[in-house]
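K.L.:
Once you've had a glance at the structure underneath, I'll fire off some questions.
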């Protein structure tokens, strides 16, 4: 039985510096049965600017993401620093953040959860595994889980 939650369109923010991984996630999302709009930030600074309407995003009204997928290892501001910034911000802290990274370090896993990550997923190295991980993530977070209401 298919879940019938009424999502007009899911808004997903991918925070990822790898162009190859950005493109792969974009392709998977385009072929998903869940209607979505994918926004991409290449590092934590850009992600926080997008979320807060600052920097290059001043004057823009960006949609509040339903879900944030975030790499750990990025230039300028890494994923853990960005997650910490999101969790300290009263307007953003309820957005689910999934760490999606190549790191399998126990320290990275522990620190990510300690900072408030909702899940930690090590990126599979093969195309099929990566695709399946993204589809399962999307299905769980956008069809099965009940997300907090959008306040802004």
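The values are calculated or read from the model by the stated rules, or taken from the named source; none is laboratory data. Because the structure is predicted, anything quoted here is derived from the model rather than measured. Cβ coordinates were reconstructed from backbone atoms using ideal geometry, including for glycine residues, and neighbour counts include every protein chain displayed.
K.L.:
Which members of segment 79-105 meet the condition of being assigned to a helix (DSSP H, G or I), crowded, with 17+ Cβ neighbours inside 10 Å and in contact with a strand residue (DSSP E or B) (Cβ under 9 Å, 6 or more places away or on another chain)?
P.N.:
79, 80, 82, 83, 86
K.L.:
When segment 28-46 is examined, which residues are found to be over 26 Å from residue 85 (Cα atoms), out of contact with any strand residue (DSSP E or B) (no Cβ under 8 Å at 6 or more places or on another chain) and touching a residue at least 24 places away in the same chain (Cβ under 8 Å)?
P.N.:
28, 32
K.L.:
So the check is Cβ under 6 Å with 6+ separation or different chains; which pairs have a first residue in segment 123-146 that's at negative phi and free of Cβ contacts under 8 Å to residues at least 60 places away in the same chain and a second one that's surrounded by 15 or more Cβ atoms within 10 Å (Cβ to Cβ) and in a helix (DSSP H, G or I)?
P.N.:
124/130; 124/133
K.L.:
Here's a follow-up. Filter segment 110-128 down to the residues that are under 18 Å from the mean Cα position of the chain (by Cα) and under 25 Å from residue 23 (Cα atoms) and list them by number. It would help to see each step written out before you state the result.
P.N.:
Quick first cut of segment 110-128, residues under 18 Å from the mean Cα position of the chain (by Cα) only: 111-124.
Passing the criteria: 112, 117, 118, 119, 120, 121, 122, 123, 124.
K.L.:
Which condition does residue 49 not pass, out of (1) outside any helix (DSSP H, G or I); (2) out of contact with any strand residue (DSSP E or B) (no Cβ under 6 Å at 6 or more places or on another chain), if it passes all the others?
P.N.:
Unmet condition: (1).
A quick yes/no check of all residues on (1) at pLDDT 95 or above; (2) part of a helix (DSSP H, G or I); (3) in contact with a strand residue (DSSP E or B) (Cβ under 6 Å, 6 or more places away or on another chain):
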residue	(1), (2), (3)
116	yes, no, no
124	no, no, no
143	no, yes, no
148	no, no, no
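K.L.:
Next question. State yes or no: is residue 132 in a helix (DSSP H, G or I), at pLDDT below 95, over 13 Å from the mean Cα position of the chain (by Cα) and closer than 20 Å to residue 20 by Cα?
P.N.:
The answer is yes for residue 132.
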